[in-house]
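**Q** Let me begin by handing over the structure; questions about it come next.
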There are 2 protein chains.
Amino acid sequence: MTRNVPTLADIGEEALIARIAQILGKPPANTLGIGDDAALILPGRGHLLLTTDALVEGTHFLRTWFRPEEAGGKVLASNISDAAAMGGKPSHTVVSLVLPARTPVESVERLYRGMKKMARAEGVSVIGGNVARGKAVSITVALVGTLPQGEPVLRSGARPGDRLFVTGQPGLAYLGQKLLASAGRRRELPDLWNPPAAEEPRWRKQLGRRSIWARRALRRFLLPQARVQAARDLNHYRPTSMIDVSDGLSRDLGHLARAGTRLWIRAEQLPHKPGFAQLARKLGETAESAILRGGEDYELLVTLPPASAQQLGGRAVVGGVPLTEIGEVLPGSPGVFLGSPGELTPLPESGFQHFD
Amino acid sequence: MTRNVPTLADIGEEALIARIAQILGKPPANTLGIGDDAALILPGRGHLLLTTDALVEGTHFLRTWFRPEEAGGKVLASNISDAAAMGGKPSHTVVSLVLPARTPVESVERLYRGMKKMARAEGVSVIGGNVARGKAVSITVALVGTLPQGEPVLRSGARPGDRLFVTGQPGLAYLGQKLLASAGRRRELPDLWNPPAAEEPRWRKQLGRRSIWARRALRRFLLPQARVQAARDLNHYRPTSMIDVSDGLSRDLGHLARAGTRLWIRAEQLPHKPGFAQLARKLGETAESAILRGGEDYELLVTLPPASAQQLGGRAVVGGVPLTEIGEVLPGSPGVFLGSPGELTPLPESGFQHFD
């Protein structure tokens, strides 16, 4: 490699996507292109939603940590989450698999069973795909869906005075990942794909037995559920913008801000139950840093008009999940801030970055 | 690895897909699932076509052979080809990229430029996607489209008496690949992605200067064009079944057969111009074996009713590409045969197999 050529590690994901968007240019009329959770096509007869996401061995999952069922279920959940965050109803999916030739057949079958289970739970049909050989496993899902409300919920619609909410317990998946990392060096753990593990390995079961929050954290990281019902319920409260928390709360707040919003976060209102904070401390983290930097939670970040916020109260439940008010939209230039309205300090983005 | 666990290398791609189809079960009503070039959704207002295909470093392309522009263009062409082979009109696409962190930014930009150029030529819009880190480059495209004719052209519709045709020169991409392989050991060739090659490398130019067929073969392998206009023209001749030649002619004939068709191939009618046969011989192949085993041609295999065949004649041009009659559909059990109707011999499948 020549030293003078700027690489992805130098510029980061954000700048790369901006350059790609510039190359691709303006999307055609009636189309929403790059920059939201999913792309939208308006074929003159209702919106069609289209999104894609991948799970890559070594980057998003390890075969020592994830059973094939979990990898298959998780990648579908992440796509369904993108659809839900647009106010969409996912319906059909195609899967592109890259697999080493020495992958056991049973592991591939388990992967598809996990995917089918997740699909069925969310009313999605897996209708096709492609299989290719490669050195590491990667699973890419493309999902289409519709917009039952007629209109999408974009990242960009928030107005000053709107209140900012988050579902569930962001940071939980991150603690699950830290828990798994605490179980020993990756290479010493058994490969759960070859031979295919018929059940959860003992070492993982033991981790889960530490506490109910340890179990929840592992579950959230290994096989999260997209907040589909929560998104559906939120649609009744006239959401002005929405995004799913995949890159980490601070980074996804940054995505909302870059769509043109000035966000003020009240750090003391970030949701953390005592059991969560305790688990964070045991893993050498503060609750706040786990919440802000953790990724892959697939919770929803949403802004609601003041009237809806009042109707919901500071704490509510949507789709069976707690909904917590964590801040509000201020007038002024875009950005994410902590502190008090008189003395705002920018929130650093500490979430998961690809290419770091 | 435990020796007793059957792996993908043991069962092959065909058996794997059959098992996946079994796990996924029957697709929902109004949906065409696994088993054709693309999946179809009938949302009560016209068909929606959905397909996905990937280009994986080390399996489908080498960074010493392909410039980033070519890799980007080729993966899109292969998806467009799948859509065309269903009688579909591709319209929108999302791209999922896996890239090593040390990939030069310019190479990614070049990749997208190549993709955009191909997209624009075929009336397709790239409207979104996803970027993730990984050890090797892989590019996965998901494509949606419509069916302007209203009805799809499936793999399964052929009837006894129909004539079998193929577009262009199958085997050409395979000769292109052999030509590149003749240029020396892969490791000694320069990486065209890092630093990004601003133009075609000299060694490749030299290969192309050998003959017009050498140039065509390289082009067909490195940056093929899907037979979109040919498919459109063929739609006027009431095609009964169609498939694109991606796995190799003998394997794709096998796919048609497995959809329920008995095919008789007249080997002497397989299209090969003198220049093609000459190039094949120089590369140590017979023209016939190159035609039958070569993959990634993205030509179309199509069956037409006898009346249409008569109208076209034995040789014709569709969408600017020669169309050659190479056989016919016989009554009887499915299969692909050479020889004379009285003395048929099965055609062995010698095309590209993943997982071998």
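**Q** Of everything in segment B:199-224 that's more than 30 Å from B:Lys89 (Cα to Cα) and of a type in the set (Lys, Arg), which residue is farthest from the chain's Cα centre (by Cα)?
**A** Here the answer is B:Arg202.
**Q** Another one. Would you please name the residue that is nearest to A:Gly12 (Cα to Cα), looking only at residues in segment A:203-248 that are aliphatic (A, V, I, L, M) and in contact with a strand residue (DSSP E or B) (Cβ under 7 Å, 6 or more places away or on another chain)?
**A** Step by step, filter segment A:203-248, then rank; the result is A:Val245.
**Q** Looking at A:Thr64, A:Thr59, which one is among the β-branched types (Val, Ile, Thr) and in contact with a helix residue (DSSP H, G or I) (Cβ under 8 Å, 6 or more places away or on another chain)?
**A** Every option except A:Thr64 fails the conditions.
**Q** Which one is nearest to B:Leu76 (Cα to Cα) among residues in segment B:290-333 that are exposed (fewer than 15 other Cβ atoms within 10 Å of the Cβ), out of contact with any strand residue (DSSP E or B) (no Cβ under 8 Å at 6 or more places or on another chain) and among the small types (Gly, Ala, Ser)?
**A** Among them, the one singled out is B:Gly320.
**Q** A follow-up question, please. Which residue out of B:Gly58, B:Gly72, B:Gly35, B:Gly46 is buried (at least 23 other Cβ atoms within 10 Å of the Cβ) and in contact (Cβ under 8 Å) with a residue 60 or more places away in the chain?
**A** B:Gly72
**Q** Of all residues in segment B:252-266, count the ones that are closer than 13 Å to B:Glu328 by Cα and in a loop (DSSP other than H, G, I, E, B).
**A** The total comes to 2.
**Q** Tell me, please, whether a residue that is touching a residue at least 12 places away in the same chain (Cβ under 8 Å) and over 23 Å from the mean Cα position of the chain (by Cα) can be found in segment A:225-237.
**A** no
**Q** How many of the residues in segment A:242-257 are over 14 Å from A:Gly157 (Cβ atoms) and open to solvent by 10 Å² or more (accessible area, probe 1.4 Å)?
**A** Total meeting the criteria: 2.
**Q** Take segment B:94-115 and flag every residue that is closer than 30 Å to B:Ala231 by Cα, out of contact with any Ser or Thr (no Cβ under 7 Å at 6 or more places or on another chain) and either open to solvent by 10 Å² or more (accessible area, probe 1.4 Å) or of a type outside the set (A, V, I, L, M) (or both).
**A** Hits for segment B:94-115 are B:Arg110, B:Tyr112, B:Arg113, B:Gly114.
**Q** In this structure, is A:Asn4 modelled with pLDDT of 95 or more and either open to solvent by 10 Å² or more (accessible area, probe 1.4 Å) or of a type outside the set (Phe, Trp, Tyr) (or both)?
**A** no
The values are calculated or read from the model by the stated rules, or taken from the named source; none is laboratory data. Only a predicted model underlies this, so the values are computations on that prediction, with no experimental measurement involved. Every residue, glycine as well, gets a Cβ built from its backbone with ideal geometry; the counts of neighbours run over all protein chains shown. To get the accessible areas, we keep the full protein, side chains included, count just its heavy atoms, and leave off ligands, DNA and RNA. Shrake-Rupley method; radii C 1.70, N 1.55, O 1.52, S 1.80 Å.
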